[in-house]
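Visitor: Structure incoming, see below.
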Amino acid sequence: MTTAWLAALGGGVLIGTAAVLLMVLEGRILGVSGILGNALQHPTHRWRWGVLGGVVATGLLVRLYGAGVPEQFVHTGWLRLVLSGLLIGAGTALANGCTSGHGVCGLGNRSGRSLIAVAVFMSVAAATVYISHLVEGA
């Protein structure tokens, strides 16, 4: 039996908890792309570096406790991963936010703009997976 659902549940709980805590403690929305961009522009705002450090530390801790790298990443070259990251960064800049900002916080705040952004994110993701499977099957 797979425990992937348990990992997804744990990740969702962690993101939700972090979003609530950041709103309560700092009055800020947890949008990781915005936090990263503003941390680079305003390096004296230490809470941003704390959030980013927490994201990295959580990934490292999960890896140390035995979580494997997803199979599709094992066989993907660094150039493709970097290019993918740059494209995601460009998309978040165009959307004025990322999945954590729009999907978790924006939808929770009933933002119409976030609803549209999430619909676009999810549609593009579904189309990408569909096309990837078509290409791999050919």
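Visitor: Could you list the chymotrypsin sites (Phe, Trp or Tyr not before Pro) in the stretch 34-82 that lie in coil according to DSSP, counting only those with at most 11 other Cβ atoms within 10 Å of their Cβ?
Guide: Filter output for the stretch 34-82: Tyr65.
Visitor: Sticking with this structure for a sec: Going through the DSSP H helices of the chain, which span 15 Å or more along their own axis at the Cα atoms while scoring at least -0.5 as a mean Kyte-Doolittle hydropathy?
Guide: 4-26, 46-64, 78-94, 112-137
Visitor: Show me the three semi-axes of the equivalent ellipsoid for the stretch 4-137, from the C-alpha gyration tensor (sqrt of 5 times each eigenvalue), largest first, rounded to whole Å.
Guide: So the three semi-axes of the stretch 4-137 are 25, 20, 16 Å.
Visitor: Determine the principal axes of the Cα atoms in the stretch 58-138, then give the extent along each, sorted from largest to smallest and rounded to whole angstroms.
Guide: For the stretch 58-138, the Cα extents along the three principal axes come out at 38, 38, 19 Å.
Visitor: How would you rank 105-118, 123-136, highest first, on the average number of other Cβ atoms within 10 Å across their residues?
Guide: Final packing ranking: 105-118, 123-136.
Visitor: Just to verify a number: FRET efficiency for Leu9 and Val135, C-beta to C-beta distance, R0 = 35 Å, to 0.05?
Guide: It comes out at approximately 0.65.
Every number here is computed from the coordinates shown, using simple stated rules; none is lab data. Model, not experiment: these values are computed from the prediction. Quick reminder, even Gly has a Cβ in these numbers, built from the backbone with ideal geometry, and neighbours come from all protein chains shown.
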